[in-house]
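Visitor: Can you keep this structure in mind? I'll have questions shortly.
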Amino acid sequence: MDPHFENQLLQTRRHFFSRTAWGLGTAALGSLLERDLGAAEANPGASLGIPHFAARAKRVIYLFQSGAPSQMDLYDYKPGLKELRATELPDSIRRGQRLTGMTATQTAFPVAPTKYKFAQHGKSGAWVSELLPHIAKQADDLCFVKSLHTEAINHDPAITFFQTGFQIAGRPSIGAWLSYGLGSENKELPAFVVMVSQGTGRPGDQPLYDRLWGSGFLPSRYQGVKFRGVGDPVLFLSNPEGLTAKDRRGFLDDLASLNQLKLQEFGDPEIATRIAQYEMAYKMQSSVPELTDLSKEPARTFELYGPESRLPGSFAANCLLARRLAERGVRFIQLFHRGWDHHTELPKQLPLQCRDTDQPSAGLIQDLKERGLLDDTLVVWGGEFGRTVYCQGKLTADDYGRDHHPRCFTQWMAGGGIKPGVTYGETDDFSYNIVKDPVHVHDLHATILNRLGIDHTRLTFKFQGRHFRLTDIHGNVVKEILG
């Protein structure tokens with residue numbers, strides 16, 4: 001069948017209006033309101049009235065610790081457990097809660113207290129493990145939330161839940177929501193950038209999938225752009241040998257003209273996305289090399305972030321790049337660091353993982369603070385769930401492991417209108433159940449959006465007849481930690 005005739009047969013009233021919306025009417029309106037349309041392009045959420053109120057933060061740096069850090073070995077100090085070592089976890093504490101397949105067949109659940117020393121730090125008196133001496137020095141800038149809880153008990157649905165507000169893949173990630181709602185402050189760089197590093201604590205840890213920073217049912221222009229640690233930061237960013245910048249510009253102009261014809265014909269927003277992404281890729285050919293060139297950074301900067309900050313692809317180097325991205329107005333910067341899944345040999349693996357992340361995380365906070373960026377940059381640190389107080393496998397004098405635990409775990413936040421030097425929430429003496437001020441994943445998301453001037457119930461997108469949002473039908477802002 002002739003494609004033009006087929007198109008006429010398939011055209012409905014809805015197709016007609018969607019097509020004409022991209023036609024002469026748009027061109028005429030664009031000539032009259034060029035400046036306003038440019039503003040709308042920079043801020044796609046303007047039609048939703050975003051920002052809904054005055055924002056305290058302009059951007060987010062999310063340090064996601066993939067694999068689930070052990071809260072009672074790092075932040076949730078339970079000194080009474082030392083006397084209960086190797087005793088059976090009481091049924092009154094476990095309360096018949098579900099177990100993973102890795103410990104469901106265990107006949108005993110011996111209590112495994114941490115082997116690491118804790119101390120109070122700063123004026124706030126926050127308890128922090130000896131494994132995190134640099135983060136401990138920043139205690140008065142941090143807000144520790146010890147009462148996070150989630151519904152997922154396995155890694156992939158739990159990480160998906162933290163990224164998208166839903167355990168099943170397919171919904172937009174939090175960075176995509178913010179890219180859609182707030183747009184970008186820098187036309188030369190993406191609004192949403194992702195970097196992934198591999199920890200030394202457990203090199204063969206859980207995989208991470210690109211869909212975790214995807215756009216779901218939002219237009220794909222809002223998905224995260226992944227920066228690599230090896231070779232070109234972004235694939236195909238360099239021109240092929242023999243192709244000059246002028247040739248590339250001419251090629252893209254011609255390609256944009258062809259795509260524009262198809263956009264006017266079909267009105268498919270993904271064609272508009274393709275046009276925009278080609279343009280962004282062209283701009284990134286100059287902006288990204290400048291961004292990743294650390295030659296002008298003073299020696300003190302590398303000392304602040306630690307010895308691995310000169311190693312491309314390391315968590316330390318990514319933290320430094322996160323600061324540079326924040327300086328340039330990138331809206332959402334997410335660092336994934338793998339290696340926290342310590343089912344066995346925790347005393348061997350956890351110190352290595354902390355060595356990877358402690359100084360860079362603290363260095364990032366200090367660097368942002370010194371540059372006046374911490375006030376309007378919200379930093380979030382945490383994993384997908386916590387770890388059990390009981391030992392997975394055999395408990396020995398020198399070794400123990402911990403299974404997944406969604407009932408309670410610790411995260412911290414800093415800057416961006418979050419109250420510093422406070423600890424919120426409380427768990428029982430076994431760090432197994434929350435006894436005060438629970439915070440759900442949806443509550444965390446609602447609070448992050450609030451600091452950016454967004455009412456989480458009003459950042460929506462209509463898909464398949466329903467208005468979806470990051471927090472689904474749940475979520476409350478944790479007002480007690482707002483500064």
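Visitor: Report whether or not residue 197 is touching a residue at least 12 places away in the same chain (Cβ under 8 Å), surrounded by 17 or more Cβ atoms within 10 Å (Cβ to Cβ) and farther than 23 Å from residue 343 by Cα.
Guide: no
Visitor: Additional query: Test residue 175 against the criterion of being small (Gly, Ala, Ser), part of a loop (DSSP other than H, G, I, E, B), under 17 Å from the mean Cα position of the chain (by Cα) and closer than 15 Å to residue 461 by Cα, and give yes or no.
Guide: Criteria not met by residue 175.
Visitor: List pairs: first residue in the range 301-320 and within 18 Å of residue 133 (Cα to Cα), second residue assigned to a loop (DSSP other than H, G, I, E, B) anywhere in the structure, Cβ distance under 7 angstrom, at least six positions apart or on different chains.
Guide: Here the result reads 308/314; 316/306, each pair linking the range 301-320 to a residue that is assigned to a loop (DSSP other than H, G, I, E, B).
Visitor: Then there's this: Going by what's in this entry, would residue 218 be described as touching a strand residue (DSSP E or B) at 6+ places or on another chain (Cβ under 7 Å) and either under 30 Å from residue 317 (Cβ atoms) or surrounded by 14 or more Cβ atoms within 10 Å (Cβ to Cβ) (or both)?
Guide: yes
Visitor: Of all residues in the range 303-321, which are under 24 Å from the mean Cα position of the chain (by Cα) and of a type outside the set (Gly, Ala, Ser)?
Guide: Of everything in the range 303-321, those that are under 24 Å from the mean Cα position of the chain (by Cα) and of a type outside the set (Gly, Ala, Ser) turn out to be 304, 305, 308, 310, 311, 312, 315, 318, 319, 320, 321.
Visitor: Tell me, which residue of the range 442-483 that is assigned to a helix (DSSP H, G or I) and touching a Lys or Arg at 6+ places or on another chain (Cβ under 6 Å) is nearest to residue 172 (Cα to Cα)?
Guide: Per the criteria, the residue is 451.
Visitor: Any residue that is surrounded by fewer than 20 Cβ atoms within 10 Å (Cβ to Cβ) and at pLDDT below 95 - is there at least one of those in the range 160-180?
Guide: Looking through the range 160-180, none of the residues is surrounded by fewer than 20 Cβ atoms within 10 Å (Cβ to Cβ) and at pLDDT below 95.
Visitor: For the range 276-302, which residues satisfy the criterion of being surrounded by 13 or more Cβ atoms within 10 Å (Cβ to Cβ), hydroxyl-bearing (Ser, Thr, Tyr) and either over 24 Å from the mean Cα position of the chain (by Cα) or at pLDDT 85 or above (or both)?
Guide: 278, 282, 292, 301
Visitor: Within the range 238-271, track down each residue that is of a type outside the set (D, E, K, R), without any contact (Cβ under 8 Å) to a residue 12 or more places away in the chain and outside any loop (DSSP other than H, G, I, E, B).
Guide: 250, 251, 257, 258, 261
Visitor: Go through the range 404-440 and report how many residues are over 19 Å from the mean Cα position of the chain (by Cα) and either outside any loop (DSSP other than H, G, I, E, B) or aliphatic (A, V, I, L, M) (or both).
Guide: Residues that pass the stated criteria total 10.
Visitor: Could you tell me whether the range 122-133 includes any residue that is among the small types (Gly, Ala, Ser), touching a Leu at 6+ places or on another chain (Cβ under 7 Å), at pLDDT 95 or above and assigned to a loop (DSSP other than H, G, I, E, B)?
Guide: Scanning the range 122-133 turns up no residue that is among the small types (Gly, Ala, Ser), touching a Leu at 6+ places or on another chain (Cβ under 7 Å), at pLDDT 95 or above and assigned to a loop (DSSP other than H, G, I, E, B).
Visitor: It is to be established whether one or more residues within the range 223-240 are surrounded by fewer than 16 Cβ atoms within 10 Å (Cβ to Cβ), touching a Gly at 6+ places or on another chain (Cβ under 9 Å) and within 29 Å of residue 158 (Cβ to Cβ).
Guide: yes
Visitor: Looking at (1) over 15 Å from residue 59 (Cβ atoms); (2) modelled with pLDDT of 90 or more; (3) assigned to a loop (DSSP other than H, G, I, E, B), which is the only condition residue 189 fails?
Guide: It is condition (1) that residue 189 fails.
Visitor: Do we find that residue 397 is without any contact (Cβ under 8 Å) to a residue 40 or more places away in the chain and not in a loop (DSSP other than H, G, I, E, B) in this structure?
Guide: In short, no.
Visitor: Go through the residues of the range 388-395 one by one and say whether even a single one is in contact with a Pro (Cβ under 9 Å, 6 or more places away or on another chain) and among the hydroxyl-bearing types (Ser, Thr, Tyr).
Guide: So far as the range 388-395 goes, yes, one or more of its residues are in contact with a Pro (Cβ under 9 Å, 6 or more places away or on another chain) and among the hydroxyl-bearing types (Ser, Thr, Tyr).
Quick grid of which residues meet (1) aliphatic (A, V, I, L, M); (2) under 20 Å from residue 220 (Cβ atoms):
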{"position": "143", "(1), (2)": "no, no"}
{"position": "172", "(1), (2)": "no, yes"}
{"position": "180", "(1), (2)": "no, yes"}
{"position": "183", "(1), (2)": "no, yes"}
{"position": "193", "(1), (2)": "yes, yes"}
{"position": "204", "(1), (2)": "no, no"}
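Visitor: Further question on the same structure: Inspect all residues belonging to the range 260-275 and state whether any of them is surrounded by fewer than 16 Cβ atoms within 10 Å (Cβ to Cβ) and out of contact with any helix residue (DSSP H, G or I) (no Cβ under 9 Å at 6 or more places or on another chain).
Guide: So far as the range 260-275 goes, yes, one or more of its residues are surrounded by fewer than 16 Cβ atoms within 10 Å (Cβ to Cβ) and out of contact with any helix residue (DSSP H, G or I) (no Cβ under 9 Å at 6 or more places or on another chain).
Visitor: So, one more: From the list 479, 462, which one is within 23 Å of residue 140 (Cα to Cα), more than 18 Å from the chain's Cα centre (by Cα) and either surrounded by fewer than 18 Cβ atoms within 10 Å (Cβ to Cβ) or not small (Gly, Ala, Ser) (or both)?
Guide: After applying the criteria, what remains is 479.
Visitor: Being of a type in the set (Asp, Glu) and out of contact with any Ser or Thr (no Cβ under 8 Å at 6 or more places or on another chain) is the filter; apply it to the range 73-93 and report the residue that is farthest from residue 118 (Cα to Cα).
Guide: Restricting to residues being of a type in the set (Asp, Glu) and out of contact with any Ser or Thr (no Cβ under 8 Å at 6 or more places or on another chain), the top hit is 91.
Visitor: Sticking with this one: Test residue 436 against the stated conditions and say whether it is basic (Lys, Arg), modelled with pLDDT of 95 or more, in contact with a strand residue (DSSP E or B) (Cβ under 9 Å, 6 or more places away or on another chain) and under 16 Å from residue 76 (Cβ atoms).
Guide: It is true that residue 436 is basic (Lys, Arg), modelled with pLDDT of 95 or more, in contact with a strand residue (DSSP E or B) (Cβ under 9 Å, 6 or more places away or on another chain) and under 16 Å from residue 76 (Cβ atoms).
The values are calculated or read from the model by the stated rules, or taken from the named source; none is laboratory data. All values derive from a computational prediction rather than experimental measurement. Cβ coordinates were reconstructed from backbone atoms using ideal geometry, including for glycine residues, and neighbour counts include every protein chain displayed.
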